[in-house]
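Everything below concerns the one structure shown next.
What follows is calculated from the coordinates using simple rules that are stated; it is not laboratory data. Not measured: the values here are computed from a predicted model. Methodologically, a virtual Cβ is constructed for each residue, glycine included, from the backbone with ideal geometry; neighbour enumeration extends over all protein chains shown.
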Amino acid sequence: MGAHFVMVKRRKSRVPPPPIECPLSQLMRVLAGAWTAHVIWYLREGERCFTELQWDIGKVSAKVLTNCLRRLEREGIIVRSTKPTSPPTVWYGLTPVGQELCAALVNVINVAQRLKRTEVIGPVPQNLHRTPSER
């Protein structure tokens, strides 16, 4: 018996293309950086000093963490402050934009956990992916 193929008509998208300098693409590049999401996650409760962040994250080298923190500071996601202790300690905290990003990150993590549970339970039945008119 031969296979039966159904041709699907290609429809033109009604969604306009993203702007040339798409802010979403820029944000995804920032989040894709090594340990970036971890740093944002651990700063969600308040300021942390460098050694606390290094301890929180675990297997990150001082060099990689320093580069990550500098990049996040340049992007306006975190703020760096120095406390006049002996020796001076450097503290990091989320900016208002960083706090917004953290809230979005928490939502992404929640979705990821639901998707992971779906993998364990099994795929969603096909008819749930269709619109009511297609069922």
Here the gain from full extension of Leu31 to Gln99, 0.36 nm per residue of separation minus their alpha-carbon distance, amounts to 23.1 nm
Output for the stretch 14-77: GluC sites (Glu not before Pro) sitting in coil per DSSP, at most 10 other Cβ within 10 Å, listed by number, reads Glu21, Glu45
Here, trypsin sites (Lys or Arg not before Pro) of the stretch 39-73 satisfying both criteria (DSSP loop; at most 12 other Cβ within 10 Å) are Lys59
Beyond 21 Å, the calculated P(r) of the stretch 24-120 holds a percent of Cα-Cα pairs equal to 35
Ranked output for segments 84-91, 13-20 by mean other Cβ atoms within 10 Å, highest leading, reads 84-91, 13-20
Within the stretch 1-42, the residues whose backbone N lies under 13 Å from a label point placed 7 Å from the Cα of Arg71 along the Cα-to-Cβ direction are 26-40
Most exposed to least, judged by fewest other Cβ atoms within 10 Å, His4, His38 sort to His4, His38
Relative contact order in percent for the stretch 24-120 (Cα pairs under 8 Å, 6+ apart) equals 28
The residues Thr82, Thr95, sorted from fewest to most surrounding Cβ atoms within 10 Å, come out as Thr82, Thr95
Per-residue Cβ contact counts at 10 Å, fewest first, order Cys49, Cys22, Cys68 as Cys22, Cys49, Cys68
Counting only backbone N atoms under 14 Å from a point 7 Å out along Cα-to-Cβ of Glu47, the residues of the stretch 57-91 in range are 79-86, 88-91
